[in-house]
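Working notes, structure below.
The values are calculated or read from the model by the stated rules, or taken from the named source; none is laboratory data. If you're wondering where the values come from, they're calculated on a predicted model, not measured in any experiment. Cβ placement follows ideal geometry from the backbone for every residue including glycine, while neighbour counts extend to all protein chains displayed. Side chains are part of the model used for accessible areas, which takes the heavy atoms of the whole protein and leaves out ligands, DNA and RNA. Shrake-Rupley method; radii C 1.70, N 1.55, O 1.52, S 1.80 Å.
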Amino acid sequence: MPFKKKSQVQLTVLSVILVIAVLLYTVKIYNMQISGAKENTEGMNGAASVRTSVLKAPRGEILDCYGRQIAVNRDGYNVVFNKAYVGDNLNDVILALINLFDSAGAQWKDELPITKTEPYAFIEGESTDKLIAKLEVAKYATADNCVVRMTEKYKLESYSPEDRRKIMAVRYGMDISDFSISYPYTFAEDISTELMRKISESGFMLSGVSVDVVPFREYADTSLAVNLIGSVGPIFEEDWQEYKEKGYSYNDKVGKSGIEKWAEEYLRGTDGEITYNIDAKGNIISSKVTKEPVAGKTVMLTIDKNIQRKAQDSLASTVQSLRSEGGTATAGAAVAVDIKSGSVICAANYPTYDSATLGQNYEALSSDPSKPLTDRAFQGIYPIGSTIKPAVAVAAMQTGNYNIGETINCVHQYSYFADYQPKCMHRHGVISLNTALAKSCNYFFFELGRRVGALTLTDYFKQFGLGVKTGVEVDDSKGLLVEPKSNGVGGDTLQFAIGQLNAFTPLQLANYAATLANGGTHYRATLISKVVSYDLSEVYDENEPEVVNTVEISDTTLNAVKEGMLSVTVDGTGRAALGDYPIKVGGKTGTSQTNSGADHSVFIAFAPFDNPQIAISVVLEHGNNGYAAGTVVRSILDAYFSAEGNASSDILPFTVLD
């Protein structure tokens, strides 16, 4: 009986164990066949996750008005870390790559603001806020504190101090650039072909490292219109968040100045995407380009590359020649615009710089007293001297304060006001407007200015675009325009009438000459002709002339002023430069006083006289006399009319010229 009871207990226990085993086996089978089916299938045929990475699009190019190359792209090599392929030995890979670069004497990216050797210190002039925030150390942390923290964070204890500093520089760079599968990290840019081959040959020991072919900005002539074209550069720390929200990567290059900056939205391409399928263990199963990159649009300027080069060369040689002859000329600017549209044909500066060496020479250039980085053509402001006189004549005739044919007796000293009696350069005697413009008689224009009044003169100056923004796409100065409170300002009125006290830019001066020559239509200045596709096959945006305002000028007034300006170049103050020119040119010289040193030399001109097409302004700092700038005016006219005569009528739209 006891034996029978024991057997029943054992049987019951065995039965329970069997039932549990069956249940566990059933659950296992269920998990394998049902719950794990999707994972197992993806492990063989699909992916546990999908990640995308950016394929950079080429930047759009910048061409001149005929399609000649100004800013273009060339292929170069970047060394990039791809998160999708990085293994557990990242620190060793980084060190091996650094050693490869160091042996080749090549530069790699080091953005860590800490000195490279002990005793460690923060690099003077560089911000440490981002470093301290990333490392989550106290605000008063020292460079040594930061090095200790990075040694721990990046597990660098086993490396020598020198190697630690190198590796942590790269690891820190990865951190601040959001290194991930979506955002690869650029270790070095534009490496040599030889180094590219060495890296490729060492690929077996550099997991996660690739050499990518990428477009690099290149300028066909690195000294041509550099102030206007501008430059591209890295995204600054303070701007990163803004650019990130617009879809930029940390290592992207963006327009920093000039047309490169203004046209960023056009020039920036649409990046593509490469998609990675990754299994549950983090291994890449496959990759595929799922979105092709689209190159940025190309911007065609109004600038004529050949005329721009001629203007720059003539400006430089004229200043240098004046100095070699004992003169005091130091710098200058020249601008030419299309009279019928306000399009800028050329805008030259002297001295200037070479964009290819701007980075390495920036400190010296920025401290150079001759200010080669300054865009004098658009931002330099100068009293324009007697070149203001045609505008004064227009104001006098349009307001009824002077009648054609009236003469004024220049007796040298203007004595209308008891407390201010300026003198003319000569005693011209009884003269008309034509002679007054040709000989640049100050007495004559003192009288016209007094009759018109300061307030009315200032209004006409504004109508001609003087002392107001031109509307051009890049940065320009408003100039300096004194705002009188009434027409009876006395001595100041006389100074306004001969181009003193106020100061304007060479661009404003050229636009003023164009407005006068075309009969009063004041156009917005522009550097942009059209925006087209990268392959030049499609026009997206074409710039149309924009009228800012119209100056009321009667035909009688216009003809009288233009005839006077023709006399300037035929037998007046501009005769030395343009008296024998084969095309009739209207012009006006100016000698403007400065606070120190010799006077500035100023010249405005338009041509052809009978059907004006181009207006020019030239300013030579301390050029001493008005006609000195005429040499540059003549050179620009030569280049312009030579280009007009040689322009091929069979140039196809969007054909790029060499």
field: Residue pairs meeting the criteria (Cβ under 7 Å; at least 6 apart or on separate chains; first at negative phi and open to solvent by 10 Å² or more (accessible area, probe 1.4 Å), in segment 582-599; second in a strand (DSSP E or B) and among the polar types (S, T, N, Q))
entry: 591/601; 599/591; 599/592
- prompt: Looking at this structure, is residue 318 under 11 Å from residue 623 (Cβ atoms) and in contact with a Leu (Cβ under 8 Å, 6 or more places away or on another chain)?
  reply: yes
field: Unmet criterion (only one of (1) open to solvent by 80 Å² or more (accessible area, probe 1.4 Å); (2) under 39 Å from the mean Cα position of the chain (by Cα)) for residue 118
entry: (2)
field: Test: residue 133 is over 24 Å from residue 363 (Cβ atoms), open to solvent by 40 Å² or more (accessible area, probe 1.4 Å), in contact with a helix residue (DSSP H, G or I) (Cβ under 9 Å, 6 or more places away or on another chain) and among the aliphatic types (A, V, I, L, M)
entry: no
Residue within segment 292-309 that is at pLDDT 95 or above, more than 29 Å from residue 543 (Cα to Cα) and crowded, with 24+ Cβ neighbours inside 10 Å present: no
Which listed residue, of 533, 477, 529, 440, is of a type in the set (Gly, Ala, Ser) and either over 37 Å from the mean Cα position of the chain (by Cα) or open to solvent by 40 Å² or more (accessible area, probe 1.4 Å) (or both): 440
message: So, residue 329, is that one part of a loop (DSSP other than H, G, I, E, B) and open to solvent by less than 50 Å² (accessible area, probe 1.4 Å) or not?
response: yes
Strands (runs of 3 or more DSSP E) lying entirely in segment 516-555 (those with 3 or more residues that are touching a helix residue (DSSP H, G or I) at 6+ places or on another chain (Cβ under 8 Å) and farther than 20 Å from residue 298 by Cα): 521-523
- prompt: Scanning segment 199-226 for residues that are in contact with a Phe, Trp or Tyr (Cβ under 8 Å, 6 or more places away or on another chain) and aliphatic (A, V, I, L, M), which turns out nearest to residue 365 (Cα to Cα)?
  reply: 226
message: Would you confirm whether or not segment 382-390 contains a residue that is open to solvent by 70 Å² or more (accessible area, probe 1.4 Å), out of contact with any Phe, Trp or Tyr (no Cβ under 6 Å at 6 or more places or on another chain) and at pLDDT 95 or above?
response: no
- request: Of all residues in segment 293-312, count the ones that are closer than 21 Å to residue 528 by Cβ and not in a strand (DSSP E or B).
  value: 13
message: Anything in segment 600-624 that is out of contact with any Leu (no Cβ under 6 Å at 6 or more places or on another chain) and surrounded by fewer than 20 Cβ atoms within 10 Å (Cβ to Cβ)? List them, or say none.
response: 608, 610, 611, 613, 624
task: Quickly run through segment 74-83 and pick out the residues that are within 16 Å of residue 180 (Cα to Cα), open to solvent by 20 Å² or more (accessible area, probe 1.4 Å) and either in contact with a strand residue (DSSP E or B) (Cβ under 7 Å, 6 or more places away or on another chain) or not in a helix (DSSP H, G or I) (or both).
output: 82
query: Any residue at all in segment 341-348 that is over 23 Å from residue 471 (Cβ atoms), buried (at least 20 other Cβ atoms within 10 Å of the Cβ) and within 17 Å of the chain's Cα centre (by Cα)?
result: no
query: Can you name the condition, by its number, that residue 315 falls short on among (1) touching a Gly at 6+ places or on another chain (Cβ under 6 Å); (2) in a loop (DSSP other than H, G, I, E, B)?
result: (2)
field: Selection within segment 156-168 - buried (at least 20 other Cβ atoms within 10 Å of the Cβ) and in a helix (DSSP H, G or I)
entry: 165, 166, 167, 168
- request: Test residue 404 against the criterion of being farther than 15 Å from residue 494 by Cβ, at pLDDT below 95, hydrophobic (A, V, I, L, M, F, W, C) and out of contact with any Gly (no Cβ under 9 Å at 6 or more places or on another chain), and give yes or no.
  value: yes
field: Among residues of segment 197-243, those that are among the basic types (Lys, Arg) and either touching a residue at least 12 places away in the same chain (Cβ under 8 Å) or more than 28 Å from residue 85 (Cβ to Cβ) (or both), counted
entry: 2
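Residue-wise test of (1) under 24 Å from residue 553 (Cβ atoms); (2) of a type in the set (S, T, N, Q).
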{"site": "484", "(1), (2)": "yes, no"}
{"site": "492", "(1), (2)": "no, no"}
{"site": "507", "(1), (2)": "yes, no"}
{"site": "511", "(1), (2)": "yes, yes"}
{"site": "517", "(1), (2)": "yes, no"}
{"site": "522", "(1), (2)": "yes, no"}
{"site": "538", "(1), (2)": "no, no"}
- prompt: Identify, please: which residue in segment 250-276 is in contact with a strand residue (DSSP E or B) (Cβ under 8 Å, 6 or more places away or on another chain) and open to solvent by 50 Å² or more (accessible area, probe 1.4 Å) and is, among those, farthest from residue 55 (Cα to Cα)?
  reply: 262
- request: Give the residues of segment 96-115 that are within 34 Å of the chain's Cα centre (by Cα) and either surrounded by 17 or more Cβ atoms within 10 Å (Cβ to Cβ) or touching a residue at least 60 places away in the same chain (Cβ under 8 Å) (or both), sorted by residue number.
  value: 98, 101, 104, 106, 107, 108, 109, 110, 111, 112, 113, 114
task: Please verify whether segment 359-366 includes one or more residues that are open to solvent by less than 50 Å² (accessible area, probe 1.4 Å) and polar (S, T, N, Q).
output: no
query: From the list 338, 313, which one is among the charged types (D, E, K, R) and open to solvent by less than 60 Å² (accessible area, probe 1.4 Å)?
result: 338
task: Would you please list the contacts, defined by Cβ atoms under 7 Å and residues six or more apart or on different chains, that run from a residue in segment 65-92 that is on the phi > 0 side of the Ramachandran plot to a residue that is buried (at least 19 other Cβ atoms within 10 Å of the Cβ)?
output: 67/300
message: Among the listed residues 68, 51, identify the single one that is among the basic types (Lys, Arg) and either touching a strand residue (DSSP E or B) at 6+ places or on another chain (Cβ under 7 Å) or modelled with pLDDT under 90 (or both).
response: 51
field: Counted residues, segment 445-469 - those being open to solvent by less than 10 Å² (accessible area, probe 1.4 Å) and of a type outside the set (A, V, I, L, M, F, W, C)
entry: 5
message: Looking at residue 658 and the list (1) open to solvent by less than 20 Å² (accessible area, probe 1.4 Å); (2) assigned to a loop (DSSP other than H, G, I, E, B); (3) modelled with pLDDT under 95, which single condition is not satisfied?
response: (1)
message: Within segment 487-515, take every residue that is farther than 19 Å from residue 593 by Cα and touching a helix residue (DSSP H, G or I) at 6+ places or on another chain (Cβ under 6 Å) and give me the one that is least open to solvent (accessible area, probe 1.4 Å).
response: 507
